[in-house]
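I have placed the structure first, in the form of structure tokens, so that the comments after it can refer back to it.
Derivation of every value follows stated rules applied to the coordinates shown; laboratory data play no part. Just so you know, these numbers come straight off a predicted model, no measurement behind them. Neighbour counts are summed over all protein chains in view; Cβ atoms, including those assigned to glycine, are modelled from backbone coordinates with ideal geometry.
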Amino acid sequence: MSETTHDSADSADSAVGVAPPPSPDDRLTPAELAAKYGLSVSGARPSLPDYVRQLWARRHFILAFSRAKLTAQYSQAKLGQLWQVATPLLNAAVYFFIFGVLLGGRDGTPGGKENYVPFLVTGVFVFTFTQTSVLNGVRAISSNLGLVRALHFPRASLPISVSLQQLQQLLFSMIVLIVILIGFGQFPAWSWLLIVPTLVLQFGFNTGLALIMARLGSKTPDLAQLMPFVTRTWMYASGVMFPLQHMLQTRASAPGWLVDVLQANPAAVYMDLMRFAFIDEYTGADLPPHVWALALGWAVVVGLGGFVFFWKAEERYGRG
Amino acid sequence: MAVAEHTERSGAPAASGQGTEAQAAVAATPWVPTVIAEDLHIVYRVYGGAKGRGSATAALNRIIRRKPGGGMREVHAVRGVSFTAYRGQAIGLIGSNGSGKSTLLKAVAGLLPAESGRVYTDGQPSLLGVNAAMMNDLTGERNVILGGLAMGMSREEIGRRYQDIVDFSGINEKGDFITLPMRTYSSGMAARLRFSIAAAKNHDVLMIDEALATGDKKFQKRSEARIRELRKEAGTVFLVSHNNKSIRDTCERVLWLEKGQLLLDGPTDEVLKEYEKFTSK
């Protein structure tokens with residue numbers, strides 16, 4: 001194959017200033033020529049350490065991108081950024097009436113019925129963090145195809161900035177959450193500091209999940225249609241708007257192992273830890289066993305696994 | 001893969017052994033390759049191009065049979081293209097619509113994976129195209145900053161060059177438009193801003209895909225001057241254009257693509273003469 005290449009190059013040699021004069025380079029195959037002048041294969045996937053280094057070099061881009069997306073999100077709405085907290089609050093209000101009032105979900109809330117609102121709002125905000133990371137993660141590549149095809153940067157920047165954007169959104173919502181907590185008699189305590197490690201771990205888990213979803217979504221666009229149903233099922237199974245243990249064991253008399261499995265799922269783990277941190281009456285007895293180990297395990301396994309999984313297809317994003 | 005590398009390396013000393021005079025020749029004439037394409041084939045996989053996608057039974061049938069690429073069509077856009085580009089060259093790419101010019105550039109930029117064959121490049125080539133939409137819901141200002149960061153510029157560098165980029169684009173000539181969202185820009189304004197952002201950085205290999213066509217006369221002059229500057233900084237510039245005059249003004253070498261194949265590769269005048277004969281037919 002290389003010989004034919006050189007035939008065509010030779011025929012162009014007659015032209016001055018366009019092709020080089022005959023030189024020993026002509027005898028080299030393209031691969032050897034490339035090696036001689038230090039050229040590298042275009043679009044090849046970098047090694048994992050190189051990839052991490054490239055990503056670190058783009059940290060300002062990731063941060064700026066997530067901030068820009070956050071502000072642009074509601075730029076066409078008249079109330080603007082207000083929707084960032086209004087949306088989860090309205091969701092919580094709907095759940096309060098349906099699950100709390102109509103279906104009696106307030107029973108069994110640790111500390112009694114009056115704790116239901118802090119319990120619910122914490123759950124909704126924390127679950128929304130994971131849920132939107134998944135939903136936006138699926139579209140992380142496909143909705144930024146223009147950028148992917150125009151500029152060269154480590155593609156993992158996009159899903160990572162998706163979950164970073166959700167983290168910033170959650171931090172905004174925290175202000176509202178704290179107002180609600182104080183309104184319902186939960187005052188700041190040392191246990192509130194536990195939200196920091198919880199958020200860090202949940203962020204690691206969400207980022208991994210966003211990376212996994214981004215790779216799957218770039219190959220199978222249909223997932224964007226399917227995921228809302230998956231996350232909704234996940235929400236009901238994680239006890240966002242009712243205490244899982246009470247609901248399953250006392251009211252539905254489900255087997256104990258099912259409760260254990262559902263309580264060990266990452267969304268429930270991070271939600272329970274956050275409630276444990278914020279609500280006084282939410283004690284260690286309401287947490288599943290080995291809860292911190294579970295939180296750390298999910299974050300490390302999904303976070304790192306998702307990163308490697310995404311990197312494996314780095315050179316194929318933006319195709320077609 | 002490792003085996004191939006070893007053979008290359010063991011082959012290298014032999015080549016340089018007989019090449020003392022070769023190195024002298026290289027030193028005398030700076031023919032340093034920056035882009036080498038080796039028998040490059042590119043196949044697009046397009047969803048939704050196949051007939052009968054709308055029918056649910058057909059979709060189900062595909063899933064059950066696990067046929068790879070149900071609802072998917074393959075388009076063989078580039079068929080076996082080989083060329084070597086050298087430092088300091090400006091190369092024009094011509095050919096009728098759909099002949100594979102943009103696809104070839106995307107592959108050189110590493111944005112589209114090759115089906116077979118390889119592209120070797122010096123550093124990271126940058127592609128500047130009309131389709132390269134930036135973030136339309138953000139202001140022009142934010143796009144300048146984000147585009148710069150994505151290209152790997154530091155915040156200080158962007159801060160220093162920000163005014164130059166805006167001035168070069170000419171966006172603010174008719175008012176304070178840089179603080180408006182990009183969705184409000186005309187296609188010409190958006191293309192100008194994109195070119196200005198990409199041209200702010202010195203590239204080893206810069207590829208321009210009809211990005212200048214939308215700008216007005218004044219902007220085209222300015223960008224042609226910038227292309228000449230970039231070439232002087234020891235880069236290689238590729239230019240796709242349907243405007244033969246702008247190819248003649250900026251390029252000394254032209255590749256003519258037709259139906260994904262390289263028809264001619266030579267000095268601008270020769271290739272353009274053939275091309276004009278072909279198009280006037």
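Side notes on the structure shown:
- The residue that is farthest from A:Leu48 (Cα to Cα), counting only those in the stretch A:282-295 that are in contact with a helix residue (DSSP H, G or I) (Cβ under 6 Å, 6 or more places away or on another chain) and touching a residue at least 40 places away in the same chain (Cβ under 8 Å), is A:Tyr282.
- Counting only helices (runs of 4 or more DSSP H) wholly contained in the stretch A:224-320, the ones carrying 3 or more residues that are surrounded by fewer than 20 Cβ atoms within 10 Å (Cβ to Cβ) occupy A:256-264, A:291-311.
- Tally, over the stretch B:142-155, of residues that are more than 8 Å from every other protein chain (Cβ to nearest Cβ) and either assigned to a loop (DSSP other than H, G, I, E, B) or in contact with a Leu (Cβ under 6 Å, 6 or more places away or on another chain) (or both): 1
- Scanning the stretch A:86-110 for residues that are of a type in the set (S, T, N, Q) and either touching a strand residue (DSSP E or B) at 6+ places or on another chain (Cβ under 9 Å) or part of a loop (DSSP other than H, G, I, E, B) (or both) returns a single hit, A:Thr109.
- Of everything in the stretch B:156-177 that is farther than 19 Å from B:Arg222 by Cα and in contact with a helix residue (DSSP H, G or I) (Cβ under 6 Å, 6 or more places away or on another chain), the residue that is nearest to the other protein chains (Cβ to nearest Cβ) is B:Ile158.
- Scanning the stretch B:242-281 for residues that are in contact with a strand residue (DSSP E or B) (Cβ under 7 Å, 6 or more places away or on another chain) and of a type in the set (Ser, Thr, Tyr) yields a total of 3.
- Restricting attention to the stretch A:25-76, the residues that are small (Gly, Ala, Ser), in contact (Cβ under 8 Å) with a residue 12 or more places away in the chain and not in a helix (DSSP H, G or I) total 2.
- Among the candidates B:Thr268, B:Thr184, the residue that is under 24 Å from B:Ala107 (Cα atoms) and of a type in the set (Ser, Thr, Tyr) is uniquely B:Thr268.
- Check on A:Trp83, in a helix (DSSP H, G or I), surrounded by fewer than 16 Cβ atoms within 10 Å (Cβ to Cβ) and within 14 Å of chain B (Cβ to nearest Cβ): no
- Residue match in the stretch B:137-145 (condition: of a type in the set (S, T, N, Q) and over 15 Å from the mean Cα position of the chain (by Cα)): yes
- Checked against (1) surrounded by fewer than 19 Cβ atoms within 10 Å (Cβ to Cβ); (2) within 13 Å of chain B (Cβ to nearest Cβ); (3) more than 25 Å from the chain's Cα centre (by Cα), A:Asp107 meets all criteria but (2).
- Hey, A:Pro188 assigned to a loop (DSSP other than H, G, I, E, B) and surrounded by fewer than 15 Cβ atoms within 10 Å (Cβ to Cβ) or not: yes
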